Amino acid sequence: MIQEKRGEDLSQVKSILDRYPRERRFLLAILQDIQKTYNYLPREALNEVRDYLGIPLSSLYSMATFYKALSLKPKGTYVIKVCDGTACHIRGSMDLIDEIRKLLSVSPGEVTKDGRFSLETVNCVGSCALAPVMVINDKYYGNLKPAMVKEILAGYGGIRGDWDTK
Amino acid sequence: MTGTPNNSGKTVLVCCGTGCLANNSMEIYKELKKRVEALGPGFAVRPVLKTTGCNGLCEKGPIVNILPDDIFYCRVRVSDVDEIFEKTILRGEVIERLLYLDTSTGRRVRSHKESEFYRRQLKIALRNIGQIDPASIDDYIERGGYNALKKALFEMSPELVISEIERSGLRGRGGAGFPTGYKWRQCKRVNSFPKYVVCNGDEGDPGAFMDRSIMEGDPHSVIEGMIIGAYAVGSKKGFIYIRDEYSLAVRNVSKAIEDAYSRGFLGRGIMGSGFNFDVEVVRGGGAFVCGESTALMASIEGRVGEPRVKYIRSTEKGLWGQPTVLNNVETWANVPVIIDRGADWFAAIGTDRSKGTKVFSLVGKVKNTGLIEVPMGITLREIIFDIGGGITGNGKFKAVQTGGPSGGCIPEALLDLPVDFDSLDRAGSMMGSGGMIVMDETTCMVEVARYYLKFLSEESCGKCTPCREGIRRMLEILEDICAGRGQEGDLELLLELSETVKEASLCGLGKTAPNPVLTTIKYFESEYLAHIRDKRCPAGVCRKLTSYRINTDLCRGCGLCAKKCPAGAISGKPGAPHIIDVSSCIVCGTCREVCRFNAVEVIGGRSE
């Protein structure tokens, strides 16, 4: 399991906070910006948010665990989202997940040991006409077959084997 | 470049909806742009190049449409760009092989408007999509955009706007079909300020992307609708809540808001009237339950998105306890057209109690997947077989799922059902926001029910025990059935739990959660029984209950299955029937999919 990184550079948190008035309604947006910048919500950053908005840490944690876009653990550099919406599901998204699991030794919700990939399933990315679909960071891959996954992942620098040695 | 080509007034539309983008349409746009820019100053009338939102025909993307001749090219590749530019854009010639192939007639048609897919449709909410550049407010205005706002502000009282919407019969497109005009009137009556208008763009149903396409492809139609609504109910502030996964929609709507401000359609003294209105975008956080109106409002307030009891309606106490009108994206997009063309025009479309059109995302095992807009009252059969072109491959229709996780599966016997709010309700499903997922005989209905309950158990916010625990228990039973551990009495237990979950949950998520289970039991009971009693999955989906066998009479020994088998479980000599080694078979179904002779048969499960 990946440990929370210590001693993050918090200067960017301050500049994120500066963009928003001190009102509770901006909490979700603030947390999303932090998530985007750091790939997760560092504990120290949450402390800053608590002080800025005057909201108890417990409320921040309930937000962080409720919304899927937020995470308390670092995500991979490349976030692989396999769509498991209905259209993708009946066109074989589970086979894609099996293939990725095999190639990267990672299950949905986990991060690879080297921290480069995280695998997630999402409930529909709205590209059902291309089902099954996989999104890596912001790039969409449609009409996939399990056999195509290996080459796509190779484009991001690694499949198992050449990557164990790294 | 030689000669004096005839290029007067050509507009080239490159579809940059999510589907086409994934198929590389941005590259095509860039390549075309390079060639247009290289034309030099000698051209009096230069071709105009635009990116558009989703055309709906995602299956055939990337799409390039050339106006005014309306030449519609499908599945365009970057390597086709030179030819398109030289022949069609500069010389007006048609490239036959890129034209749309109408599957129903087998002919290529020049304009997609001549195709079966398009001919049956009627575009109101999608009126501009595919025709305009969503980033250009001028494109929107050129097609009559913001006319309705002008009419409302200067020729109509707020009261008249509301009665016009009431008379049109417009009902909420988000799923429940609540009468929009009535909702507005309720909000207007409350004498408490400020009031808010909200656009629900948290489209979370798996298999649905109507709202996404509208926000991406024609954001101004939503904004204009909201300004009109705000004027009618007396609100000065609006929010557009957009699902976190829809980054392009967030970008396009934000840009549209900026442009609307700079042209005086938003802000103080809109269009020189005394009316002020501001609107901002709120990004969702990735929680399905936030599509529920009260949960969505909690989320806008910066809280966890849990629904609340609704004995006081949001029109009285909504956002921050103030009167709030919340409508879905598609509903808002309908508003300007109704004001512009009048309630009578709108009310003449559709059925007695469901007026106008509905946008559906037609997906799954159907030939023409994509986005369609049809008049209410059209039958499911027309949608799936005429517009959708029927089932992919040699498949046979089994069911169509409507209404997302809250909806149900409708069998073949009910295909002639008219599509409107009330008919679908009576069949045990619902209109929902408009996802329509077609399933064929390779889809297991028990597994589909399991799939939806898995989804719902993850998305339940946990506030109500019947929803949080009930769905989970139902899921466990379904998982057991799919894994071959089903037993007598399971169906009765599922029905009993369904009743409690429906009855005792607070919000729509729990109240409708059992629908996928109830409709599949109602219409496909024999499939459940095959799983429970015979330990067999007739569709060949549940792996524990499936094994494959090659029918030696049908197998020609082509070897394709052996080549494609990822487990290396198939052997045989060329020309002779092949054999599957059951012990190494992983039941992935690849052999069945690739076999051209239908020689791979599904038989019951392996003994454990």
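The values are calculated or read from the model by the stated rules, or taken from the named source; none is laboratory data. Remember, predicted model here, so these are calculated numbers, not experimental data. Note that we place each Cβ from the backbone using ideal geometry, even for glycine, and neighbour counts take in every protein chain shown. For accessibility, only protein heavy atoms count, side chains too; no ligands or nucleic acids. Shrake-Rupley method; radii C 1.70, N 1.55, O 1.52, S 1.80 Å.
A straight chain from B:Ser526 to B:Asn551 at 0.36 nm per residue would run longer than the Cα-Cα distance by 6.5 nm.
On a per residue basis, the convex hull of the C-alpha atoms belonging to segment A:77-123 measures out at 54 Å³. Computed from backbone phi with θ = phi - 60° and the Karplus coefficients 6.51, -1.76 and 1.60, the 3J(HN,Hα) list for segment B:73-79 is 9, 10, 6, 6, 10, 4, 5 Hz; x is used for glycine and proline. Evaluate the Debye formula for segment B:351-440 with equal point scatterers sitting on the alpha carbons, no solvent, and hand back log10 of I(q)/I(0) at q = 0.13 Å⁻¹, in q order, two decimals. Computed log10 I(q)/I(0) values: -0.35. Computed from label points 7 Å out along Cα-Cβ, the spacing between A:Arg50 and B:Ser583 is 5.9 nm.
Overall shape: oblate for segment B:300-389, with the ratio a/c of the largest to smallest alpha carbon gyration tensor axis at 1.5 or above and b/c at least equal to a/b. Computed 3J(HN,Hα) for segment A:108-113, one whole-Hz value per residue from the Karplus formula 6.51 cos²θ - 1.76 cosθ + 1.60 where θ = phi - 60°, is x, x, 10, 10, 5, 4, glycine and proline marked x.
Relative contact order, whole percent, for chain A stands at 19, derived from Cα pairs under 8 Å and 6 or more residues apart. Can you figure out the FRET efficiency of B:Phe154 with B:Asp82, using R₀ = 41 Å and their beta-carbon distance, to the nearest 0.05? Calculated value: 0.20.
The trypsin sites (Lys or Arg not before Pro) of segment A:1-90 that DSSP puts in a loop, and whose beta carbon has at most 10 other beta carbons within 10 Å, are A:Arg6, A:Arg19, A:Arg22.
Averaged over the residues of B:212-220, the number of partner chain Cβ atoms lying within 10 Å of the residue Cβ comes to 1. R0 = 30 Å: FRET efficiency of B:Glu503 with A:Ser58, Cβ-based, nearest 0.05? Taking R0 as 30 Å, the efficiency between B:Glu503 and A:Ser58 is 0.35.
Descending by average beta-carbon neighbour count within 10 Å, the peptides B:423-432, B:10-19, A:110-119 line up as B:10-19, B:423-432, A:110-119, the highest first.
Accessible area per residue for segment B:137-348 is 33 Å², calculated with a 1.4 Å probe on protein heavy atoms, without ligands, DNA or RNA. Taking a point 7 Å out from the Cα of B:Arg468 in the direction of its Cβ, the residues of segment B:481-514 whose backbone N falls within less than 13 Å of it are B:506.
Look at the stretch B:360-366: the mean tally of other chain Cβ atoms within 10 Å of its residues' Cβ atoms is 5.
Taking a ≥ b ≥ c as the square roots of the eigenvalues of the Cα gyration tensor, segment B:486-608 is prolate, since a/c reaches 1.5 or more and a/b is larger than b/c. Among beta bridges from DSSP that stay inside segment B:137-348, the antiparallel ones total about 10%. What whole-number distance in Å separates the alpha-carbon centres of segment B:141-208 and segment A:77-144? Using only Cα atoms to place each centre, the spacing works out to 38 Å.
Taking the longest Cα principal axis of chain A as reference, the axis of helix A:93-104 is set at about 80 degrees. Among all the lysines, which ones have a C-alpha under 17 Å from B:Lys564's C-alpha, if same-chain residues fewer than 8 places away are not counted? The qualifying lysines are A:Lys145, A:Lys150, B:Lys573. Against chain A, whose longest principal axis is taken from its Cα atoms, helix A:57-66 shows a tilt of about 20°. Each residue of segment A:1-159 gets 122 Å³ once the volume of the Cα convex hull is shared out per residue.
If the limit is 19 Å between Cα atoms, which of A:Lys14/A:Lys139; A:Lys36/A:Lys81; B:Lys10/B:Lys34; A:Lys81/B:Lys398 go over it? Cα-Cα > 19 Å for A:Lys14/A:Lys139; A:Lys81/B:Lys398; rest within. Adding -39500 (n - 2.57) for every DSSP H run of four residues or longer, then dividing by how many residues chain B holds, sets the calculated 222 nm ellipticity at -10000 deg cm²/dmol. Per-residue ellipticity at 222 nm, computed for chain A from helices alone with -39500 (n - 2.57) per DSSP H run of at least four residues, works out to -11500 deg cm²/dmol.
If both residues of a DSSP beta bridge must be in segment B:351-440, then about 80% of such bridges are antiparallel. Rounded, prolate or oblate for chain B? Axes are the square roots of the Cα gyration tensor eigenvalues, ordered a ≥ b ≥ c, and the cut-off for rounded is a/c under 1.5. The shape class here is oblate. Residue by residue along A:142-149, Cβ atoms of other protein chains within 10 Å of the local Cβ number 2 on average. Evaluated at q = 0.12, 0.14, 0.16 Å⁻¹, the base-10 log of the normalised Debye intensity for segment A:78-156, with identical point scatterers placed on the Cα atoms, takes the values -0.27, -0.37, -0.48. Averaging the sequence gap over all C-alpha pairs within less than 8 Å and six or more residues apart, then dividing by the number of residues, gives segment B:137-348 a relative contact order of 32 percent. Take every DSSP beta bridge with both residues inside chain B and express the antiparallel ones as a percent of the total, to the nearest 5. In chain B, approximately 60 percent of DSSP beta bridges are antiparallel ones. Largest to smallest in accessible area, the residues B:Arg77, B:Arg212 fall in the order B:Arg77, B:Arg212 (1.4 Å probe, all protein chains included).
Given a Förster distance of 25 Å, report the FRET efficiency between B:Ser192 and B:Arg263 from their Cβ-Cβ distance, rounded to the nearest 0.05. Once the sixth-power term is evaluated, E becomes 0.20.
The alpha carbon centroids of segment B:395-454 and segment B:237-289 are separated by 34 Å. Counting only lysines at least 8 places from B:Lys454 when in the same chain, those with an alpha carbon closer than 17 Å to its own are A:Lys68, B:Lys502, B:Lys511.
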